[in-house]
């Protein structure tokens, strides 16, 4: 694990916690706390799925294919700036979509306690619907301060 002589004032991530299963997420937040100076802040988002019926979510074959087509379209649009052909980028995008696993939280309360249970004060927790990688979903936008 990363150790530093000078603690950080801010840690900012986007959907990073969503990549960790429930049993390891708290360790990540605890590590963030250890890396922050007193008064330091975490700015992050995490996927929220009310009534969560499974511990993880993966893309359907249709969602993976749609993601590949969107990646191909964008790669063609930006191909003058890319070192790889659009078709290669599309193949990699589909592989990513097929292999990506997301571990959502079941509620705003679960998101809040993830931080408060390890010594953060949640200054703001806002739920917003965003167009995700595969489909629109709810995310908690969290600002938490280390005491």
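The values are calculated or read from the model by the stated rules, or taken from the named source; none is laboratory data. Just so you know, these numbers come straight off a predicted model, no measurement behind them. Glycine also receives a Cβ, built like all others from the backbone with ideal geometry; neighbour counts cover every protein chain displayed.
Test of understanding: among 108, 74, which residue is modelled with pLDDT of 90 or more, more than 20 Å from residue 11 (Cα to Cα), surrounded by 12 or more Cβ atoms within 10 Å (Cβ to Cβ) and in contact with a strand residue (DSSP E or B) (Cβ under 9 Å, 6 or more places away or on another chain)? Sole residue among the options that is modelled with pLDDT of 90 or more, more than 20 Å from residue 11 (Cα to Cα), surrounded by 12 or more Cβ atoms within 10 Å (Cβ to Cβ) and in contact with a strand residue (DSSP E or B) (Cβ under 9 Å, 6 or more places away or on another chain): 108.
The test for being part of a strand (DSSP E or B) and either at pLDDT 90 or above or farther than 27 Å from residue 37 by Cα (or both) does not hold for residue 118.
If you go through region 111-137 and pick out every residue that is touching a residue at least 40 places away in the same chain (Cβ under 8 Å), surrounded by fewer than 17 Cβ atoms within 10 Å (Cβ to Cβ) and farther than 23 Å from residue 71 by Cβ, you end up with 4.
Being touching a helix residue (DSSP H, G or I) at 6+ places or on another chain (Cβ under 6 Å) and at pLDDT below 95 is the filter; apply it to region 26-56 and report the residue that is surrounded by the most Cβ atoms within 10 Å (Cβ to Cβ). Here the residue is 46.
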